[in-house]
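The values are calculated or read from the model by the stated rules, or taken from the named source; none is laboratory data. The structure displayed is predicted, hence computed values, not measured ones. Counting neighbours? That spans all protein chains shown, and the Cβs are built from the backbone with ideal geometry, glycine included.
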């Protein structure tokens, strides 16, 4: 499944509907569906808030590939920003000693099997693999 969404936080409602349709089409468990929702929402929100430039819609593709969920999100006409370069959050530190932000990406990393980033011709692409669980028939 593939769709473009306006570069706006307001698009999150339509994105949730899109992810629900995908999850239902594969009969994902609620845990897997929730993981896909969280990952998509976090990555999309980060692109809207942090990618410099970005005049086009953000492309979202979800598919089943080799027993995994493959999620790809593409932001066009933006500067390079590799989320893999964002430092890990030390969750063992007290909240009062941590710097702000980063917990969303921490959760994305925890729920993902693999995260790849590429930037070419102004296009920023994040590809995430997730090991899904399926409902029993």
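The table below gives the values:
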| read-out | value |
| --- | --- |
| Hits in region 27-69 - residues which are within 18 Å of residue 110 (Cα to Cα) and touching a residue at least 60 places away in the same chain (Cβ under 8 Å) | 29, 31, 32, 35, 36, 38, 39, 42, 43, 68, 69 |
| Among residues of region 111-137, those that are out of contact with any strand residue (DSSP E or B) (no Cβ under 8 Å at 6 or more places or on another chain) and either on the phi > 0 side of the Ramachandran plot or at pLDDT 90 or above (or both), counted | 2 |
